[in-house]
Each structure stands twice: as structure tokens, then as C-alpha cells.
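Read the figures in this text as sums done on the coordinates, not as results from a lab. Everything quoted here is computed from the prediction, not taken from an experiment. Counting neighbours? That spans all protein chains shown, and the Cβs are built from the backbone with ideal geometry, glycine included.
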Amino acid sequence: MAPRDFQSRLVRRAAKAGLFPSDDLVTSLTEYYELLARWNRKINLTALSDPDEAIDRLLLEPLAAARHLPAGTQRIMDIGSGGGSPAIPLKLAAPAVSLTMVEVKVRKSAFLREAIRHLSLADTDVENGRYEELLARPELHERFDVLTIRAVRVQPKTLTSLQAFVRPLGTFMLFRGADGDRETESLIPTLSYERTLPLLEATNSRLTILAKRSVGHIASVPRGTPPVV
């Protein structure tokens, strides 16, 4: 598909979802998608083959989520970045934020670095490794305002580890598809459930938002008391 045709298709899909990206953003999203498609012929970055579904899932869901970034967000960490969605479209929609993408697979990390270079993304880097390994780096503790992850379900044990990266009163944004759990996981005492929002009607996707409690709030929760959700 020619870039101009793809851009027209992207604009139509976006308008159907109530999203109206700028011309510059449409151009950047098109460049990202084209790069993703080229690399996807060599390595498995995404299984989506239908263009409309790919636009909705990879590009428009992150744009819809960008509207819910907390005011004053400066640093975002994305876990399991894979082919770069939702992290890269979020960065394109909010270019002032600093982005750290965490990806364990070497070839996918290579793609992410190429996307950073190709799109000239400032204040963006890739950590090639498991997030558990990053816990040994004190400079990453409580560094991020927002942590994003696309997953059907996130286990409490995983949340226990990931919350170390998020500052007190920071935010988790969990991207869920139609098959994701509709009930929030049992939360650890450091986290509280905020809300679950619809992202795109076309994909029946949802965004679950959790907040990290302040130190004083954590201390006030008796040991063994389940969080109110």
C-alpha cells in the first residue's frame, strides 16, 4: 500500500474512533508502520495481517490511551515492548516524554533501536533484558511516572516487581484486548485500582489504570488487608 493511501486509511479509521491526529503525527505513524512491516517480513514482530486491525490495534489504541496520560508525565517505562506498540505511538503522541522500552529478545530490541533512529525519537532508549534484571539497578527505582504493559493478565507477583520502577503516586496503564480479564487482579498493598476505560469499540479493547500509593498510604494499610477495588 502506498504511503498516501495508508495515511488516508489511517485518518479514516482514526476519525471512526473519535481520534483526530495532526498531519505530522499521521506521517510519523505511517513511517513507523512501514518500518514495522518491512522488519516483520524477516522476524516475527506482529501477527496482525489485516491492515484495518493492525491500524486499530497497533496505532489507534495507543493514541486513545495517550489521552489518559496523567498531567505532568515525564518518564514512561514500557514492559515487553516487542514491535514497539503501544510504546512508540504513545511517544509520537506525547513527544516531550522520556521513554524506556524493555525487551528481552535481541532481534526485537534491534528493531526498536532502528525505529528510534529512523523516527528520530529523542529521550528514548531500549533495555535489552528481562525486567527482573533491571531491579538490580538502583537508578531505575521509582524513576518513572507511568509504566505501560500490554497483557491479558498481569500476576500479582509481577506487579510486586514492577512497582519498584514507579514513583509513589505514579500510574500503571494495562492494555487489554477483548479476551483480557474483565476483573482486576488481586492487587498488592502498594497499588490501588483506579478505573477501566474503553479504548476502541472496533477491537473491544480496554485500558486498566492502577495507581501506586504514597509511602504514608502504604504504611496505613494493615498487613493482610485486601485493597479496595
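The table for this structure:
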| quantity | calculated |
| --- | --- |
| In order through segment 131-145: 3J(HN,Hα) via Karplus (6.51 cos²θ - 1.76 cosθ + 1.60), integer Hz, x for Gly, Pro | 4, 4, 5, 6, 5, 7, 9, x, 5, 8, 6, 6, 8, 9, 7 |
| Set of lysines near Lys108 by C-alpha distance (under 28 Å), chain-local residues within fewer than 8 positions excluded | Lys42, Lys91, Lys157 |
| GNM result for the chain, Cα springs below 10 Å: residue of Leu200, Leu134, Leu59 fluctuating most strongly | Leu134 |
| Acute angle (nearest 10 degrees) that the helix 106-119 long axis makes with the longest principal axis of the chain, alpha-carbon atoms | 60 degrees |
| The chain - mean residue ellipticity at 222 nm from DSSP helices (-39,500 (n - 2.57) per run, n ≥ 4, rounded to 500) | -10000 deg cm²/dmol |
| Choice from Phe20, Phe172, Phe111 with maximal GNM fluctuation in the chain (Cα, 10 Å cutoff) | Phe20 |
| Long-range HN-HN contacts of Arg75 with modeled amide H, under 5 Å | Ser98, Asp145, Val146 |
| Contact order relative to length of the chain, as percent, for alpha carbon pairs under 8 angstrom and 6 or more apart | 16 percent |
| Karplus 3J(HN,Hα) series, Hz, for segment 36-53 with 6.51 cos²θ - 1.76 cosθ + 1.60 (x for Gly, Pro) | 4, 5, 5, 5, 5, 6, 9, 10, 7, 9, 8, 8, 6, 10, 6, x, 5, 5 |
| Pairs of alpha carbons in the chain whose separation is greater than 31 Å (percent) | 20 percent |
| Max mean-square fluctuation residue, GNM over the chain, Cα-Cα springs under 10 Å, options Asp24, Asp52, Asp123 | Asp24 |
| Gain on full stretching of the segment that runs from Asp52 to Ala202 - 0.36 nm per residue minus C-alpha separation | 53.0 nm |
| Counted charge near Asp78, where neighbours are those whose Cβ lies closer than 12 Å (Asp, Glu -1; Lys, Arg +1) | 0 |
| Between 0 and 90°, nearest 10: helix 3-16 axis offset from the chain longest Cα axis | 50 degrees |
